[in-house]
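Chemist: The structure's right below; bear with me while I get my questions together.
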Amino acid sequence: MARATFGWMASWVAALGFELAMAGSATAADGNGLDVRLSAALYAAGFTGRVEESLPRRLGRPVNRQLADLGRLLWFDKSGGLHSDNTCGGCHSPATGFGDSQSMAIGIQNNNLVGPHRAGPRNQRRTPAAVNVAFYPRLMWNGRFASLSGDPFDNSAGFSFPPPEGTTRFGPNDPIITHLLIAQAHMPPTELVEVAGFTGTRGTIGPEFDPFDDGLGSVVPPPDASGYRNEPIRQAVLERLNSTPAYRQKFGALFPSVAAGGPIDFSMFSRAIAEFEFTLVFADAPIDRFARGETGAMSEAQKRGALIFFGKGNCVACHAVAGQSNEMFSDFRNHVIGVPQVAPAFGVGRGNVIFDGPGRNEDFGLEQVTGNPADRYKFRSSPLRNAALQVAFFHNGAFTRLEDAIRHHLDVARSVRDYDPITAGLDNDLTLAIGPMAPVLARLDPLLATPLELRPDEFRDLLIFVRDGLLDERARRENLCKLVPRSVPSGFTVLQFERCPAREREDH
Ligand code: HEC
Ligand code: HEC
């Protein structure tokens with residue numbers, strides 16, 4: 001009902017916008033009627049520029065600053081990693097919009113640096129930005145963590161994760177796991193390659209390594225009777241938190257049961273992390289201000305680029321803004337767009353995930369979760385807000401320049417044919433195990449099958465729109481580095497952020 005009304009309104013408003021556009025072009029009141037044409041395009045696409053302000057309403061309460069600040073400390077504290085060498089911030093860095101500082105994430109056994117000189121075994125994919133994730137109905141590169149209601153703020157249908165969590169661990173109407181991010185925060189500490197740690201005594205590659213022995217004399221708890229590995233890891237993390245007096249005090253100030261002597265439990269950890277993520281909503285870009293009527297918020301080039309994005313370029317077909325996409329520039333569905341297949345070089349210390357395919361240099365994407373070969377090479381349309389802050393693009397960081405990532409879409413076959421990981425700007429270890437492309441191109445999404453011709457000036461405008469029109473200045477390094485604490489409750493050394501000078505940090 002509400003939807004039908006909205007649809008009717010949208011077409012009415014679009015028609016009105018169209019009339020205005022005609023009037024505008026007749027008088028040329030605003031440079032060829034750009035403003036009216038763009039307003040009409042945004043109405044038609046369902047874009048309002050008001051998603052950020054919906055946060056407290058959809059949460060049903062204001063953000064709890066004290067809980068968020070505890071989440072911030074946990075984000076940067078290696079105490080959540082069983083071997084004390086990595087934490088969320090090691091991959092989701094405030095210097096790069098809370099996304100990766102690398103083309104492909106480096107997790108455990110890193111050199112304590114975050115930035116261009118981070119080193120250690122590679123995982124499988126690039127770390128996506130944790131900014132604005134509060135609005136994502138499906139998380140991860142293949143959308144495998146999902147709110148079944150289609151709304152991350154609504155758990156009435158439960159949250160679905162791959163096994164062992166499945167659909168029951170964070171089931172419908174759980175009174176505590178009320179947002180998809182609270183469920184999600186249960187996962188990273190259990191990821192062996194990201195945070196928990198392991199290294200077989202027999203090397204890091206190959207099916208023979210023992211994931212429960214890190215070769216350092218410490219042993220990850222074995223699966224319990226049901227083969228359920230994740231829960232024992234969580235318990236081990238909790239033991240660390242519960243034996244840290246500073247954490248007992250900080251959780252106690254927020255949770256009466258802890259103050260009364262009870263244990264810190266994992267949902268408390270996850271609520272703190274999610275609350276911190278709620279403070280990382282930066283969705284007030286020039287395009288939002290324009291949509292709210294501030295026509296001067298965008299440059300003419302941005303406006304022309306936006307018209308290509310929503311029009312001739314048809315980017316909005318996948319980078320959607322309407323309905324459940326929450327104006328995040330993603331349909332949160334999976335597509336094959338023919339991204340060059342990049343994998344770490346083979347050998348000890350080079351990578352710690354076994355890649356797909358006979359050459360162990362492929363990523364099957366959605367198929368990894370569904371088991372359906374028709375889903376091979378499918379990845380979630382990337383939300384595009386604040387893309388300008390990223391140092392690499394696509395699920396594997398195959399490109400390091402935004403213009404290359406956009407140009408790839410225009411003529412995928414040519415992009416693949418011309419692809420050279422060295423000129424694309426990749427680190428050496430990612431240039432040596434390029435995967436096959438013929439099977440990927442054979443599955444290319446029909447929407448990208450025909451090359452899109454753009455004049456050089458049109459391409460430039462499109463780039464300027466994606467780079468500047470979708471950027472919220474608050475997400476810049478200059479504004480976020482201050483979130484890195486000088487010290488953390490566990491007393492572990494804080495990771496060193498190469499692009500966050502110490503003086504930009506807050507005193508803690
Ligand atoms: C080793 C690097 C690494 C660490 C450490 C890490 N992440 Fe991630 N994170 C990733 C990668 C890589 C992905 C995407 C993985 C995939 O889709 O297969 C991701 C995905 C996510 C997403 C989903 C983003 C999206 O666009 O859907 C969220 C939210 C997130 N991580 C939060 C966290 C939190 C909270 C922590 C700490 C408790 C954490 N991460 C620790 C690398 C990391
Ligand atoms: C068929 C659906 C589809 C269309 C149409 C499409 N994209 Fe994409 N786009 C994707 C998918 C899927 C990804 C992520 C692919 C991956 O990482 O493997 C992506 C990734 C991107 C990225 C990289 C973002 C990041 O974080 O890595 C940019 C930039 C981008 N698209 C811009 C555009 C522009 C501009 C257009 C219009 C010219 C466009 N896209 C059209 C599906 C699409």
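The values are calculated or read from the model by the stated rules, or taken from the named source; none is laboratory data. Remember, predicted model here, so these are calculated numbers, not experimental data. Reconstructed Cβ throughout: ideal geometry from the backbone, glycine too, with neighbour counts over all protein chains shown. Heads up: the accessible areas ignore ligands, DNA and RNA and are worked out on the full protein's heavy atoms, side chains in. Shrake-Rupley method; radii C 1.70, N 1.55, O 1.52, S 1.80 Å.
Chemist: Of Thr178, Thr450, which has the most accessible area with a 1.4 Å probe, and how do the rest follow in descending order?
Modeler: Thr450, Thr178
Chemist: From the residues Phe459, Pro164, Gly150, which one has its Cα farthest along the dipole of the chain in the positive direction, the dipole being from +1 and -1 charges on Cβ of Lys/Arg and Asp/Glu about the Cα centre?
Modeler: Farthest along the dipole direction, towards plus: Gly150.
Chemist: Quick test of your reading: applying the under-4.7 Å Cβ rule, which cysteines of the chain are isolated?
Modeler: Cys88, Cys91, Cys315, Cys318
Chemist: Oh, and also: What's log10 of I(q)/I(0) for the stretch 46-149 at q = 0.12, 0.22 Å⁻¹, Debye sum over Cα points only, no solvent?
Modeler: Cα-only, vacuum Debye calculation for the stretch 46-149: -0.51, -1.26.
Chemist: Right, another one. Give the calculated FRET efficiency between Ala317 and Glu294 to the nearest 0.05, with a Förster radius of 22 Å applied to their Cβ-Cβ distance.
Modeler: 0.25
Chemist: Same structure, new question: With r as the distance between the Cβ atoms of Gln249 and Leu59 and R0 = 25 Å, compute the FRET efficiency 1/(1 + (r/R0)^6) and round to 0.05.
Modeler: 0.45
Chemist: Would you mind computing, in nm to one decimal, how far apart the modelled labels at Asp457 and Arg443 are, each placed 7 Å from Cα along Cα→Cβ?
Modeler: So the two model labels end up 4.1 nm from each other.
Chemist: So what is the diffusion coefficient of the stretch 330-378 in µm² per second by Stokes-Einstein at 37 °C and 0.692 mPa s, using a Kirkwood Rh over Cα pairs?
Modeler: 273
Chemist: Roll a 1.4 angstrom probe over the protein heavy atoms and tell me the percent of accessible area of the chain that is carbon or sulfur. Can you show the working numbers first?
Modeler: On the way: 11620 of 21020 Å².
Using a 1.4 Å probe with all protein chains present, the chain comes out at 55 percent carbon and sulfur.
Chemist: Calculate for the chain the 222 nm mean residue ellipticity that helices alone would give, adding -39,500 (n - 2.57) per DSSP H run of length 4 or more and normalising by residue count, nearest 500 deg cm²/dmol.
Modeler: Calculated from helices alone, the mean residue ellipticity at 222 nm is -8500 deg cm²/dmol.
Chemist: Pick out, from Ala387, Trp75, Ile264, the residue whose Cα sits farthest towards the positive end of the charge dipole of the chain, with +1 on the Cβ of Lys and Arg and -1 on the Cβ of Asp and Glu.
Modeler: Going by the charge dipole, the pick is Ile264.
Chemist: Continuing with the same structure: Determine the distance separating the Cα centre of the stretch 449-494 from the Cα centre of the stretch 73-100; give it in Å without decimals.
Modeler: 19
Chemist: So, one more: Per-residue counts of other Cβ atoms within 10 Å, averaged by peptide: what ranking do you get for 479-492, 69-82, highest first? Let's see the in-between values first.
Modeler: Details: 479-492: 17.9, 69-82: 24.0.
Taking the mean over residues of other Cβ atoms within 10 Å, the ranking is 69-82, 479-492.
Chemist: Still on this structure: Where both partners of a DSSP beta bridge lie in the chain, what percent of those bridges are antiparallel, to the nearest 5?
Modeler: Within the chain, antiparallel bridges account for around 75 percent of the total.
Chemist: Roughly how large, in nm² to one decimal, is the mean projection of the convex hull of the alpha-carbon atoms in the stretch 414-490?
Modeler: Reported value for the Cα convex hull: 10.0 nm².
Chemist: Sort 105-114, 47-56, 86-95 by packing, meaning the average of other beta carbons within 10 Å per residue, with the highest value first.
Modeler: 86-95, 105-114, 47-56
Chemist: Something else: Distance in nm between label sites at Glu498 and Glu239, each 7 Å beyond Cα in the beta-carbon direction?
Modeler: If labels sit at Glu498 and Glu239, their model points lie 3.6 nm apart.
Chemist: Here's another thing I want to ask about it. Any idea what log10 I(q)/I(0) is at q = 0.09, 0.10 Å⁻¹ for the chain, Debye with uniform C-alpha scatterers and no solvent?
Modeler: After summing over all Cα pairs, the log10 values are -0.65, -0.80.
Chemist: Kirkwood Rh and Cα-based Rg: tell me the resulting Rg over Rh for the stretch 284-469, rounded to two decimals.
Modeler: That ratio equals 0.99.
Chemist: Same structure, new question: Can you pull the one-decimal nm distance between simple spin-label points at Gln66 and Phe346, each 7 Å off the Cα toward Cβ?
Modeler: 5.6
Chemist: How much solvent-accessible surface does Tyr43 expose, in Å² to the nearest 10, with a 1.4 Å probe and all protein chains in place?
Modeler: 110
Chemist: Mind checking the per residue accessible area of the stretch 295-420 for me, 1.4 Å probe, whole number of Å²?
Modeler: Result: 37 Å² per residue.
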